[in-house]
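Structure first, then comments.
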């Protein structure tokens, strides 16, 4: 079952799961202190700005181009590969420092581009202030992503997978300080209660980026990778090749970020909607992060090596196992989010400044995102087929098509169904992207076709997930009275536990998975 590949999935997925759990703790505290008010919406927009460009510069265009080139060089000569990485670090420092300065200066325009509904509003002033504090995170996290690419290409997934958890640790620590600070230092108390936690959270962003960079840099040094630049940036032939490959991916990444902008813009015209969509996003990002990020991180360097070695059977096996792994965990997650959204949102977020109306609106957004969850993950499975071949042009074309779908749906439906149009646009655009990626991959031949085992399990997994959904619904009805009491957290834990046990039971019974395979992979992981 491709032991090395599955081990990588489990390493990255396990640490990503820990990061997401810490992220839930963070979001529960944010909901408790900020709710869905002006400070919350300003924080979410300000934090999304460096995150948007981070996906563009780091996990997006640059990393998708850098990892295959670095992985190929590493196979031939480790020192040459690290020299290439040092040149990339030097160039990234210069470019992103200048970009960060420009972003700080022109922050009012960036906030309007992200959420023009904030204009002439307290949210606008707060978002500009917060955005200027958070923006240097781009440089720190982009460097961390580059160093993580070096580690992942070397088969060292642990530090790179653990680093995101540190950001959430910093966030939780900042909110913990906020909790006690007004009592210890009364002058810090604010006439607007949400201002102090908002200020603490936004300063945690650059601090968290520095901590993440420190961890992966230390891990790379321990692994023998010397990445501190030894000369001023210069455009070497390798960097030219990197830029040529990255340019279409950069444009594709830009299109993806415009998709996010469309959703934010639509939501900014509905009070509270930016926060509702953000909290729903955090819930569906749990399975997306655990499965999708694990596959994206591990599959690309593995495929790049197999493409270089002309290993057709290995490429097909890697693609098929990645599809199987993603389908096995994503489909039941989507079904669960569709069946029990209200208990999830109410138990996790409904307290303090987050009320029952916020729960209902967030649950609606969560159900819509759940419909697109399999598509969000399948993109992570299909895109490495292109990037491993240094083909970044076709994903750009497909991203443009998905942008058009998103814009038409989100803007067109907003007057009819309100803020939910933004979620519908995101979901339908994701499925359009998957359809185009799948159709384009047919030209690659056998390497992009699922093997017999994956095809057999592809229909059995949804069958097991639907059976689990029925069990979840019945269990939710039985436990319903508990969700209105102090025992609601226990009720949710029981609901989740029964869902997991029933799903894997049905999956085993229907032949969707063999639990012995998972136990074997876990033993290899240890």
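With respect to residue 418, determine if the residue is closer than 29 Å to residue 355 by Cβ, in the same structural domain as residue 315 (by TED's automatic domain parsing), surrounded by fewer than 18 Cβ atoms within 10 Å (Cβ to Cβ) and under 26 Å from the mean Cα position of the chain (by Cα).
yes
Before we move on, is residue 435 without any contact (Cβ under 8 Å) to a residue 60 or more places away in the chain, assigned to a helix (DSSP H, G or I), in the same structural domain as residue 241 (by TED's automatic domain parsing) and farther than 24 Å from residue 360 by Cβ?
On the way: without any contact (Cβ under 8 Å) to a residue 60 or more places away in the chain: yes; assigned to a helix (DSSP H, G or I): yes; in the same structural domain as residue 241 (by TED's automatic domain parsing): yes; farther than 24 Å from residue 360 by Cβ: yes.
Yes.
Could you tell me whether residue 191 is surrounded by 15 or more Cβ atoms within 10 Å (Cβ to Cβ), part of a loop (DSSP other than H, G, I, E, B) and at pLDDT below 80? Walk me through it before giving the result.
Numbers: surrounded by 15 or more Cβ atoms within 10 Å (Cβ to Cβ): no; part of a loop (DSSP other than H, G, I, E, B): yes; at pLDDT below 80: yes.
Answer is no for this residue.
Looking at 453, 442, can you tell me which residue is touching a residue at least 24 places away in the same chain (Cβ under 8 Å), more than 26 Å from the chain's Cα centre (by Cα) and not in a loop (DSSP other than H, G, I, E, B)?
Matching residue, one of 453, 442: 453.
Which residues, taken from the stretch 482-499, are without any contact (Cβ under 8 Å) to a residue 40 or more places away in the chain and over 25 Å from the mean Cα position of the chain (by Cα)?
482, 484, 485, 486, 487, 490, 494, 498
Could you tell me which of the residues 376, 354, 325 is surrounded by 22 or more Cβ atoms within 10 Å (Cβ to Cβ) and outside any helix (DSSP H, G or I)?
354
If the Cβ limit is 9 Å and pairs must be 6+ apart or interchain, which residue in the stretch 270-281 that is without any contact (Cβ under 8 Å) to a residue 60 or more places away in the chain pairs with which residue that is crowded, with 24+ Cβ neighbours inside 10 Å and assigned to a loop (DSSP other than H, G, I, E, B)?
If the second residue must be crowded, with 24+ Cβ neighbours inside 10 Å and assigned to a loop (DSSP other than H, G, I, E, B), the pairs left are 271/36.
Just one of the numbered conditions (1) at pLDDT below 90; (2) out of contact with any helix residue (DSSP H, G or I) (no Cβ under 8 Å at 6 or more places or on another chain); (3) in the same structural domain as residue 502 (by TED's automatic domain parsing) is not true of residue 482; which one?
The failed condition is (2).
Taking the stretch 173-188 as the search range and keeping residues that are buried (at least 17 other Cβ atoms within 10 Å of the Cβ) and at pLDDT 80 or above, which one is farthest from residue 138 (Cα to Cα)?
175
Here are some conditions: (1) under 18 Å from residue 448 (Cβ atoms); (2) buried (at least 20 other Cβ atoms within 10 Å of the Cβ); (3) at pLDDT 90 or above. Residue 435 meets all but one. Which one does it not meet?
If we test residue 435 against (1) under 18 Å from residue 448 (Cβ atoms); (2) buried (at least 20 other Cβ atoms within 10 Å of the Cβ); (3) at pLDDT 90 or above, just (2) comes out false.
For the stretch 50-154, which helices (runs of 4 or more DSSP H) that fit wholly inside it have 1 or more residues that are under 20 Å from the mean Cα position of the chain (by Cα) and buried (at least 21 other Cβ atoms within 10 Å of the Cβ)?
61-76, 107-114, 122-134, 137-153
Only one residue in 347, 364 is within 22 Å of residue 490 (Cα to Cα), in contact (Cβ under 8 Å) with a residue 24 or more places away in the chain and outside the structural domain of residue 466 (by TED's automatic domain parsing), so which one is that?
So the residue among 347, 364 that is within 22 Å of residue 490 (Cα to Cα), in contact (Cβ under 8 Å) with a residue 24 or more places away in the chain and outside the structural domain of residue 466 (by TED's automatic domain parsing) is 347.
The values are calculated or read from the model by the stated rules, or taken from the named source; none is laboratory data. Just so we're clear, the structure is a prediction, and the values are computed from it rather than from any experiment. All Cβ positions, glycine included, derive from the backbone under ideal geometry; neighbour counts span all protein chains shown.
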